[in-house]
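One structure is given below, encoded as structure tokens.
The values are calculated or read from the model by the stated rules, or taken from the named source; none is laboratory data. Note that this is a predicted model, so its numbers are computed, not measured. Backbone-built Cβ (ideal geometry, glycine too); neighbour counts: all protein chains shown.
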């Protein structure tokens, strides 16, 4: 939790809610928050300042971005994804196919297979999570995007387990659309708003499937007919959550003082140290690295495969080691480079080792 | 702003974000907040405890509810609304029609006409805002719902300028679907989450157009295929904004101590006093009631038509009278029965009168 959260909340409560009331949208610049947050995230994901906004949640942003991409490739049939993609990503895509009147359908790559070879002239959109939420396997963003474009397909990337942890360069990789959540490595707080990215070349042609008044060209004219706002603003829906945006800003302001390259180097250092210590300290007790061994093939977290994972997890949490379970046997350690220290990795490993050495 | 907001925020920041982190979803009952909020709102809108949830914003909830209603009447062509409906309501409906492959189209009633006569066997959904956001004209919820059902059509009501101010009885009126915002008379704070209502008879058949993981039958099983949760939970999308929900709960907890009938009687008293005083004190200076004279035809606010409305508004705001402008000449006064006193109405009228008597 950023230290400035309380100060910012007090500001939005008193100068905002209490004193400005609905005028806070202007006097307190609440309308600008989705863009201000986007501008601050942009350098971390290699986007332009005007190519990113924060709004809604990841599921809704996936829905908007995938629908927009499909509309730009309406003559093509398939959404190519992998069956290992996160649930909500798959549900959203299947729902859009079902409502397409037979125009679009899903095509699934098997888990951990290079799907570049499956991209063809019938592929409308390649639709993937950059990082697997279980084992942290990371796709090659640039290579897959290149392979998609070579076949005339578009890409929609979900950056949820990557943004704020590993280096991403959306414009250099020429990514069309992307989304991600704000509450993992971006430290935006519980249920923080999500973000979405639209490449500048699509910002005038991409259409929002949920054309709300906040995305209208002249929001306060209350026109009876929708006219999309210029640029990425059109992907706003309705009223945005001011307090959630304010808290997310407390986090994203921190990044302004940090060189992205230094942050990603820190993450790499933490991640490689953890792999080294897992091999050396935990392998003798039957715990194994369940994430790729090559750093460039990993995302923000590292997964450890252990027996009796649920019991081990409970003990770790009780002893202050932050982690989470993906059944049946994966324990995930999120390596947030902003706050986590190398000594925390050493201490965490010592605790895991102690638990494995002395099972209940 | 409810007095308990700061205490609740401190709880969610320390016991939640700082200490529980992602386990807060369970330990701090964050997953239950959308339902807890719904249960507390239910008595104010005549809904059952399990028929309402808070999530997303009004535009997105309109999108979900209208899409669900259309799917239940897919063989019928028209969405019947009025051209005076709020912008976002119209944009959402037009977008759903455009994407229906010619199946659905809009039909517009003229402003302030009884549209019951326009409902016919081709009408899929009657889709209205209960209260007009400009002049506060209120439809007859029960009569229009009855007329729609008589023709086999469904209804989707937007309760945004009504909920928490005037008596609404959704189940007695047999309403199919409804939505509303949380930041007006419900005092949920800037950008508060919105609510949605689904009649129990549709809760097993209505389908969400945005099937996110939070609406899955077994959210934490991470199944590759979507199975809708039982009941209204299926209309959740992705991760919900915990801090916004917490603040909205601070407001909705207040209602637990209040008899809805007493609240609505208070609103009626405030509203009728304001009309009386407008007629007596302001009419001589050219300001006129722009809302219906009959209380049952008015919503939460009262609109006053004045010359030089923009100048008058600025002076009112400077002198502490809360109001808002709808161009060219309407000034709106929201009568929040929870906090507003009769003396505030008297004082406000005295201030308006003074400004009208002494124009700059």
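Brief remarks follow.
- Test: residue in region B:309-328 that is in contact with a helix residue (DSSP H, G or I) (Cβ under 6 Å, 6 or more places away or on another chain) and under 22 Å from residue B:168 (Cβ atoms): no
- When residues of region B:237-257 are limited to those that are under 17 Å from residue B:2 (Cα atoms) and touching a strand residue (DSSP E or B) at 6+ places or on another chain (Cβ under 7 Å), the one farthest from the other protein chains (Cβ to nearest Cβ): B:248
- Looking only at residues in region B:224-236 that are within 15 Å of residue B:53 (Cβ to Cβ) and in contact with a strand residue (DSSP E or B) (Cβ under 8 Å, 6 or more places away or on another chain), the one that is farthest from the other protein chains (Cβ to nearest Cβ) is B:232.
- Residue that is farthest from residue B:325 (Cα to Cα), among those in region A:221-265 that are in a helix (DSSP H, G or I) and without any contact (Cβ under 8 Å) to a residue 40 or more places away in the chain: A:265
- Within region A:327-343, the residues that satisfy the criterion of being more than 20 Å from residue A:283 (Cβ to Cβ) and within 14 Å of another protein chain (Cβ to nearest Cβ) are A:327, A:334, A:336, A:339, A:340.
- Of all the numbered requirements in (1) at the interface with chain B (Cβ under 10 Å from one of its Cβ atoms); (2) assigned to a strand (DSSP E or B), residue A:178 misses one, and that requirement is (1).
- The set of residues from region B:93-107 being touching a strand residue (DSSP E or B) at 6+ places or on another chain (Cβ under 9 Å) and under 21 Å from residue B:178 (Cβ atoms) comprises B:93, B:94, B:96, B:97, B:104, B:106, B:107.
- Region A:191-203: number of residues that are part of a loop (DSSP other than H, G, I, E, B), at pLDDT 95 or above and either within 13 Å of chain B (Cβ to nearest Cβ) or surrounded by 24 or more Cβ atoms within 10 Å (Cβ to Cβ) (or both): 2
- A residue that is within 17 Å of residue A:353 (Cβ to Cβ) and either at pLDDT below 95 or surrounded by 19 or more Cβ atoms within 10 Å (Cβ to Cβ) (or both) can be found somewhere in region A:330-339.
- Count of region B:26-49 residues which are on the phi > 0 side of the Ramachandran plot and either buried (at least 19 other Cβ atoms within 10 Å of the Cβ) or in contact (Cβ under 8 Å) with a residue 24 or more places away in the chain (or both): 1
- One residue stands out in region A:1-15 among those that are facing chain B (nearest Cβ under 8 Å) and under 23 Å from the mean Cα position of the chain (by Cα): the one that is surrounded by the fewest Cβ atoms within 10 Å (Cβ to Cβ), namely A:1.
- The residue list B:73, B:23, B:18 contains one member that is in contact with a helix residue (DSSP H, G or I) (Cβ under 8 Å, 6 or more places away or on another chain) and either surrounded by fewer than 21 Cβ atoms within 10 Å (Cβ to Cβ) or more than 12 Å from chain A (Cβ to nearest Cβ) (or both), which is B:23.
- Subset of region A:305-325 (residues that are in contact with a strand residue (DSSP E or B) (Cβ under 8 Å, 6 or more places away or on another chain), more than 11 Å from every other protein chain (Cβ to nearest Cβ) and more than 16 Å from residue A:335 (Cβ to Cβ)): A:305, A:306, A:309, A:310, A:312
- Selected residue (criterion: surrounded by the fewest Cβ atoms within 10 Å (Cβ to Cβ)) from residues of region B:206-223 that are out of contact with any strand residue (DSSP E or B) (no Cβ under 9 Å at 6 or more places or on another chain) and at the interface with chain A (Cβ under 9 Å from one of its Cβ atoms): B:221
- Restricted to strands (runs of 3 or more DSSP E) entirely inside region B:1-119, those with at least 2 residues that are farther than 30 Å from residue B:290 by Cα are B:52-55.
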